[in-house]
Structures are given as C-alpha cells and as structure tokens.
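Q: What follows is a structure written as structure tokens; I'll ask about it next.
The values are calculated or read from the model by the stated rules, or taken from the named source; none is laboratory data. All values reported here derive from a predicted model rather than from experimental measurement. Using ideal geometry, Cβ is built from the backbone for each residue, glycine included, and neighbour counts are taken over all protein chains shown. Surface accessibility is based on the protein's heavy atoms, side chains included, excluding ligands, DNA and RNA. Shrake-Rupley method; radii C 1.70, N 1.55, O 1.52, S 1.80 Å.
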Amino acid sequence: MLPKISLTSRSQELENLVLLVSSLKALPDGVFTASERSYISKQHKELKKDIIAYNRLEHWIYVYVIRDEKSVHKRLEACRKAGDKVGGMLNSQNAEKVVIFDNEDLPAEVLAFAEGMALGNYQFLKYKSDQEKKNTLRKIEIYSEGLNSSEPGDEKNIPAVVPSLHYDLINIVNDAVFKCRDLINEPASYLTATVFSKEMEKLGKDCGARVDVMNKKKLEALRMGGLLGVNKGSHEPPTFTVMEWKPADAVNKKPIVFVGKGIVFDSGGMNLKPGESMQNMKDDMSGAAAAALAVYAIARAKLPVYVVALMPATDNRPGAKAIVPGDILTMHNGTTVEVLNTDAEGRLILADALSYARRYKPELVIDLATLTGAAVRAIGKIACAGMQVKASEEFLELTESGFTTNERIVELPMWDEYADLIKSELADLKNIGPGDAGTITAGKFLEKFTDYPYIHLDIAGPAFIDKADSYRGTGGTGFGVRMLFDFIVKRIK
Ligand code: BES
Ligand code: MN
Ligand code: ZN
C-alpha cells in the first residue's frame, strides 16, 4: 500500500520520529537527553552509522545524518535510500505512521527522504495467500519550517532545485509508480493485450485522460503490419491504446508523445528464447506501462501540458501461424521489413506506433522500450540507453531529469554508418544487424519511422530487477515515470 505523505504542524513527542540533520551539531535542543546525545554521537562517529535508531517506550527515534555529497543529485539519492531503509525498520516494528522532522530548512532532502520511504513500501502481494508480511506503514508526515509556513500549492512548497518535489506531486507520482509496477509484475496469464487496454481505460477514467483502444480490425484497416505480424503467432488479438491529456490551458499546441513497447510476453516467437532468458519476459511491456502512467500522473496533477501516450500491445509467441525468419512485413508507413529474427519484435510494433505518431505533428516523441539485451550488457540495470534525432536540447533536459530522479540516461550515438548495418537485400530494411552495436542498430531502425524531434530510451536494464534494490523494490521498477514527470513539470516554466 502507498503511504501518503502530508505536512504536519505538530511535532509530537509520542510518535515514531525521524530527525534529518546535516551534522550532529544540528541536533535540535530539547528533544534529546544527554545520554541519548552521547549514544547518537558514538554510533555516528565511532561506528560510522548515518542512520541511528533507538526506542523510547512505545515508539522509535531515528536520526539520519545526511551524507555530505558534493552534488545535489547524489545527496537527494542518498536521502531516498535512507528513507527506504528507515521505512523497512518501521515496517519491522509494525509501525503505521512516522513524522519526519526537519530542523534546518532542508525541504528537498526531507521530501526525497519521504519519497524513498514511500516508494520502498511497495509490495506485489496479489498472488500471495499469506498476507502476513504486508507492510504496515501508511502515513508519512513531514514537519519542516519552510514547507509548513506556506499553504499547499504555494511556490514555497516547491524546493527550487527540484520543482517536481512537492509533496502533493510526490503522492501522485508515487501512486503512478506503484500502478506501473503492478502492471509490470502481472503475469501474462492475466495481462493479455486486451486486459492491458482495459486497464488503460480504467486509468483514463481515474485521471481524466481520454483513452481510445484500437482493435485488430482497426489495426488491419490502418495496415499496421508490424504489430499484426508479431501478433500472428498468438492466440490473443493485439490492441493499440491511445491515451491523451489535452488540457485547455496547455502551454504547447503540438503534443509531446510518449510511445511505449507493449509486448505483454516475449517468448522470442519462432526464434524461441533459450533457457532462463525467457524468465522475466512478462516485463516486456514496461515501456508501455511507463508511458501510460506518466500521462496518468500528469493528468492527475492537472499539469498544463498536452501529452499523448501510444501503446501497441501483443504477446510474441511461436503459434502455428507465427511469422518465421525470412518473412517480409509491410509496415504502417509502407516500409518493407525482412524479419530475420522474430525475437527482434519490439522494433516491429514500435515502427507502426512511431509512424502513427506523425499524425499528431508532435513537438517531440519519446519512446520507452525494453528493446535490447545489448543495452543491459553495456550499461547494466542502473540506467537506460538513450539516443536522439533532431532533439539535442530536449535530450539534455531529459538527461537532467534523469539525474534529478535518479532514472539516468546514457547517450549512445545515432551516426549514419550504423544504418548501413540494417539494409536488407530483399526489402527496405532488415530487423537485425550483424550483432555488434545491437542497441544502436535497433535505434537506427526506429529512426526510419520518424520525421519529428525524437528520443529513444532503451530501458531493458532498469525496467525490472530480480533482487531488491532499495526503494526500487523487486520486479518491475516503474522506471521512466518519475523522469518523464519531472521533464514535463520543468517544461511548464
Ligand atoms: N525484450 C527483448 C530485450 C530484452 C532482453 C529485454 C533482456 C530485457 C532483458 C527483445 O525483444 C529481444 O529479444 N531483443 C533481442 C534482439 C536481437 C534478436 C537482435 C536481444 O536483445 O537479444
Ligand atoms: Mn524479443
Ligand atoms: Zn521483446
């Protein structure tokens, strides 16, 4: 369950309390006894602990000495991780509520701490009969001079360094991240393309965004040969969901379009994935989920920005009618593609969505896709790979949002030479390169279907983690939602 963050004007003695301090000198007077002070100082100085915990009768006191990182980004990330840790301790005490106390006017640090604590509370227990291990934390209250002296919605509530760090906005985004993780963690037995689109309709109702679902017939009429081609081996029909937030007061006339890869399960198709490489492939719709939940959060926050999410969805299976290597598909924009490996399916469904995006005359298109294993090998699970065409400035802004939210982007080049690697003898393009530079050749393939400022994010690494990693949890991480939201917030100015 998502703990709600709110402000409190009281700093009760009889609560679970976290004190955030920049150094031990800043420990507030009148809160600690002399023996508590010496305990805290010993734990910090001798045992090098930055989180010091002890209990007072029924409740717990935690002191977090903020790590003195040189960069704001690193410092806020350390706060998020500390928040997650303390959240874990509170849950092990079956605590439902905590007050985070800021004595030094460090609103960004306190909010980041609360954010990490809330995000780390995520669990996916839908299929567990034993609900015993359910986290108890429900309420995170903040007492911070700077934040409390202003009304909600007031500029003062928004630390200058991170405009998206407003506690109301954090609650909205955290909820979106939880919903994104839920969708990713749902197995393919539940989350078919049709169910995915139904979930999108529910989200649309919830947030006031318009949702349209195109069914197989419509996709045939639109000649979406990539999406239909990948779908041929499946017993389930494909869907293509459009989610649109177009407020009257939008700062942009032409929309920013998010495109998300929605492969609800990737078996590889006829080029069946071997062994364990298929294990986590329910996560192959993480891009679509992130695109949708970013729009959801933007709509819930009523941000004055016109945004659209496009989500082509199907599973990739080796049914009797499945496409086979050598098949040639005609995509939505008429380009022909020789499919030499049915496991390079993401680019086939994205190609249709990217060429469909042209009808919006978009200001910018950002796609998110768990596209290549090569991206995971190059960068690992802590960041995504990014490429851009005609969008160098926007790419820098997005990269900055990546640092702000710690959903980081590493840029790869889009040099022309790489396009030579996906030329086909028989068709306009082939869907795989020679093996080298697999992430870039995938990006070059996608570029062929665009004519607008374009950013491609390959999130194959960070979208899903097997092992718990602080507030990112286990399983689907929701990577992309916080980054995109921050990017859109900053565009309002
Ligand atoms: N969904 C996979 C990529 C992936 C791999 C995501 C690992 C997450 C973790 C994608 O559809 C795929 O199978 N890509 C192939 C492309 C290859 C056949 C050119 C790959 O990376 O092996
Ligand atoms: Mn694949
Ligand atoms: Zn895939």
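Q: Using a probe radius of 1.4 Å on heavy atoms only, what accessible surface per residue do you get for the stretch 4-150? Whole Å² is fine.
A: That works out to 50 Å² for each residue.
Q: Let me know the shape class of the stretch 173-492, please: from the alpha-carbon gyration tensor, a ≥ b ≥ c as square roots of the eigenvalues, rounded when a/c is under 1.5, otherwise prolate if a/b is greater than b/c, or oblate.
A: Judged from the Cα gyration tensor, the stretch 173-492 comes out rounded (a/c under 1.5).
Q: A further question on this structure: With +1 assigned to the C-beta of every Lys and Arg and -1 to the C-beta of every Asp and Glu, and no other charges, what is the dipole magnitude of the stretch 173-492 about the Cα centre in debye, to the nearest 20?
A: Taking the Cα centre of the stretch 173-492 as origin, the dipole is about 900 debye.
Q: Something else now. Given contacts defined as C-alpha pairs under 8 Å and at least six residues apart, what's the relative contact order of the stretch 322-463, whole-number percent?
A: Once divided by the residue count of the stretch 322-463, the mean separation gives 38 percent.
Q: Still on this structure: Go ahead and run the numbers for FRET between residue 132 and residue 466, Cβ-Cβ distance against an R0 of 25 Å, rounding to 0.05.
A: Calculated value: 0.60.
Q: Once Lys and Arg get +1 and Asp and Glu get -1 on their Cβ, which of 309, 329, 319 lies farthest toward the positive end of the dipole of the stretch 292-361?
A: Farthest along the dipole direction, towards plus: 309.
Q: Roughly what would the spin-label model give for residue 205 and residue 39, points 7 Å off Cα along C-beta, in nm?
A: 5.2 nm
Q: I need to check one value: relative contact order of the stretch 4-150, counting alpha carbon pairs closer than 8 Å and at least 6 residues apart, in percent.
A: RCO, the stretch 4-150: 34 percent.
Q: Let me ask something else. Indicate the gyration tensor shape class of the stretch 312-391 (rounded, prolate or oblate), computed on the Cα atoms with a ≥ b ≥ c the square roots of the eigenvalues: a/c under 1.5 is rounded; otherwise a/b larger than b/c is prolate and the rest oblate.
A: oblate
Q: Positive end of the dipole of the chain, charges at C-beta (+1 Lys, Arg; -1 Asp, Glu), about the Cα centre: which of 187, 144, 61 has its Cα farthest in that direction?
A: Result: 187, furthest along the dipole toward the positive end.
Q: Carbon-plus-sulfur fraction of the accessible area of the stretch 19-101, 1.4 Å probe, in percent?
A: Answer for the stretch 19-101 is 51 percent, counting heavy atoms of protein chains only.
Q: Compute the helix-to-body angle for 167-185: its Cα long axis versus the longest principal axis of the chain, expressed 0 to 90° and rounded to tens.
A: Here the helix axis deviates by roughly 50 degrees.
Q: Treating only the Cβ atoms of Lys and Arg (+1) and Asp and Glu (-1) as charged, compute the dipole magnitude of the stretch 4-150 about its Cα centre; round to the nearest 20 debye.
A: 540 debye
Q: Among the trypsin sites (Lys or Arg not before Pro) in the stretch 186-254, which ones are in a DSSP loop with at most 12 other Cβ atoms within 10 Å of the Cβ? Mind listing them?
A: Listed in order of number, the matching sites are 253.
Q: Please compute the contact order of the chain in relative form: average sequence separation of alpha-carbon pairs under 8 Å and at least six residues apart, divided by the residue count, as a percent.
A: 15 percent
Q: Further question on the same structure: Just to confirm the number: angle between the C-alpha axis of helix 438-447 and the first principal axis of the chain, 0 to 90 degrees, nearest 10?
A: So the helix axis and the longest Cα principal axis differ by about 70 degrees.
Q: Carbon and sulfur: what percent of the stretch 173-492's accessible surface (1.4 Å probe)?
A: Whole-percent figure for carbon plus sulfur exposure: 50.
Q: Further question on the same structure: Report the trypsin sites (Lys or Arg not before Pro) located in the stretch 268-302 that are in a DSSP loop and have at most 16 other Cβ atoms inside 10 Å of their Cβ, or state none.
A: Within the stretch 268-302, the qualifying trypsin sites (Lys or Arg not before Pro) (loop, at most 16 other Cβ atoms within 10 Å) are 302.
Q: Measuring with a 1.4 Å probe in the full set of protein chains, what accessible area per residue, in whole Å², belongs to the stretch 173-492?
A: It amounts to 36 Å² per residue over the stretch 173-492.
Q: I would also like to ask the following. Roughly speaking, what is the centre-to-centre gap between the stretch 367-419 and the stretch 203-226 when only Cα atoms are used, to the nearest Å?
A: 27 Å
Q: Continuing with the same structure: From the residues 123, 35, 18, which one has its Cα farthest along the dipole of the stretch 4-150 in the positive direction, the dipole being from +1 and -1 charges on Cβ of Lys/Arg and Asp/Glu about the Cα centre?
A: About the Cα centre, the residue reaching furthest to the positive side is 123.
Q: Looking only at the chain, where both bridge partners belong to it, what percent of the DSSP beta bridges are antiparallel (to the nearest 5)?
A: Antiparallel bridges: around 40 percent, rounded to the nearest 5.
Q: Residues of the stretch 14-42 with backbone nitrogen within less than 11 Å of a virtual label 7 Å along the Cα-to-Cβ line of residue 54, please, listed as ranges.
A: 32-42
Q: Treating the angle as unsigned and between 0 and 90°, give the value, to the nearest 10°, between the Cα long axis of helix 107-119 and the longest Cα principal axis of the chain.
A: On a 0 to 90 degree scale, this one is about 60.
Q: Describe numerically, in nm with one decimal, the distance between label points set 7 Å from Cα along Cα→Cβ at residue 328 and at residue 278.
A: Label at residue 328, label at residue 278, 3.1 nm between them.
Q: How large is the dipole of the stretch 38-117 about the Cα centre if only Lys and Arg carry +1 and Asp and Glu carry -1, each at its Cβ, rounded to the nearest 20 debye?
A: That gives the stretch 38-117 a dipole magnitude of about 360 debye.
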